[in-house]
1. Which entries in LYS305/LYS361; LYS51/LYS361; LYS192/LYS243; LYS154/LYS202; LYS51/LYS305; LYS47/LYS305 show an alpha-carbon gap greater than 23 Å?
2. To the nearest 20 debye, what charge dipole does the chain have about its Cα centre, counting +1 at the Cβ of each Lys and Arg and -1 at the Cβ of each Asp and Glu?
3. Quick one: accessible area per residue over the stretch 226-382, 1.4 Å probe, rounded to a whole number of Å²?
4. Mind ranking SER249, SER124 by accessible surface for me, highest first, 1.4 Å probe?
5. How large is the charge dipole for the stretch 224-382, taken about the Cα centre, if only the Cβ atoms of Lys, Arg (+1) and Asp, Glu (-1) carry charge, to the nearest 20 debye?
6. Lys and Arg at +1, Asp and Glu at -1: add these up for the other residues within a Cβ distance under 11 Å of TYR198 and post the number.
7. Mind checking which of CYS295, CYS259, CYS238 has the largest fluctuation in a GNM of the chain, springs on alpha carbons under 10 Å?
8. Post the alpha-carbon centroid distance, the stretch 213-243 to the stretch 109-174, in whole angstrom.
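The values are calculated or read from the model by the stated rules, or taken from the named source; none is laboratory data. This is a predicted model, so every value here is computed, not measured. Please note: Cβ atoms are built from the backbone with ideal geometry, for glycine as well, and neighbour counts cover all protein chains shown. Accessible surface areas use protein heavy atoms only, side chains included; no ligands, DNA or RNA. Shrake-Rupley method; radii C 1.70, N 1.55, O 1.52, S 1.80 Å.
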Amino acid sequence: MKKLSVILLACCLCGCKSHKADIMEYENEMTQTLQIDVSQQEMLDIKPFVKSYEYLPLEINQECIIGEVNKIVHTAGRYYILDRRQQKRIYVFDEEGKFLMPIGRMGRGPGEYTHPTDFYVTESAVVVYDMYSHKLNYYDLVGEYIKSETLQYKINEVEYCASDGGLYAVAGDNRDVAEIKDHEILKLSDDKSVSAAYYHNKYSMNYSVEYDLHNCNGEIIYAKPLRSWVFGVDESGCYLKYKFDITPSALPVSIEEVCNGDYARFRDRFADSYAYFNGHYWECDNYVGVGITYCNLPYMSIYDKTTQQVATGIVAASYGQGEDDGMVALPLALNHVVYTEDNAIVGYISHEMIPKNLREKIFGERYDAEFCNPVIVRVELQ
């Protein structure tokens, strides 16, 4: 057994050197290293970072019962919310939380989808990606169907960058398409052909938090779980934006190669032994948030771009302490941040996780313990 452990460790170290060399190719003078220490089991105190906050309850009726929130896009005074698995639909609310309309519906006819995997919103359309039919459905901003486009390759998610009009995707299993085989990021042209493929990695782990592409104030970020870095992505390619120096027990950078891309192997052998980036990531004007899992506990590190200091702690809410402060539930939204605007982060929280006294303030007489949509949480940072 000892011999096997030594051989495995040697493989990790050898893979570590080669993989580091690959990653270094993407470094530039803007690459920054974040020092993250998860040795202390203390709760994260977010009060020093918070300027103001608000809770937005979403209207609930038979036409808009949301099972879970998978993605939110906020634009032109509207919230577009994807429930990918339970209701399998996109719902639109105004800035007061009033339900306006759905986008598309389940089915196999024109304008219908079998599985709304992802979506993006442009100045004139809502575009829904259906993974199982490999197509994009286009709707106008009032939900009327326009057209569909079938893709000749596989993707897992897609993100639109309004600042340059670029469309980027996380590639799926394209082993039969030589030009893009083993590439993780694709840039799509106007006709939805692939104009460029970035980051070649044949050991890519088959694990994700489903949305590894983030639009952070107009910048596309690729944050893949289990890695100690994140990429910035633009029309020129991908570049190493942040590296994470995690202590203690940092996951070897060669873990994907050691596990041959098999997440189940990682989970069974290594998940309880290492600290690793869990894929929760957000970035706004002044701060960066990085989610870390260690000893099965969810940590969040907040990097202050001005002071270059990192605050790290366990993400949890301090229930049962008689607190009447509305800030008590804010930490839970940090692990469900779905987008950023300027220096604000926007996430959501289930109504069951909100303390009773705060719940009454948010919902008033409208609160129904059985039928209640998630609450959008907006936090304006210092």
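1. Details: LYS305/LYS361 34 Å; LYS51/LYS361 20 Å; LYS192/LYS243 32 Å; LYS154/LYS202 16 Å; LYS51/LYS305 16 Å; LYS47/LYS305 17 Å.
From the list (LYS305/LYS361; LYS51/LYS361; LYS192/LYS243; LYS154/LYS202; LYS51/LYS305; LYS47/LYS305), the Cα-Cα distance tops 23 Å for LYS305/LYS361; LYS192/LYS243.
2. On the way: 36 positive and 57 negative charges, 264 e Å.
For this selection, approximately 1260 debye.
3. Details: 6470 Å² over 157 residues.
Spelled out: the 1.4 Å probe surface of the stretch 226-382, per residue, equals 41 Å².
4. SER124, SER249
5. Details: 13 positive and 22 negative charges, 83 e Å.
Result for the stretch 224-382 is approximately 400 debye, rounded to the nearest 20.
6. On the way: positive: LYS187; negative: GLU184, ASP234, GLU235.
In short, -2.
7. CYS295
8. 21 Å
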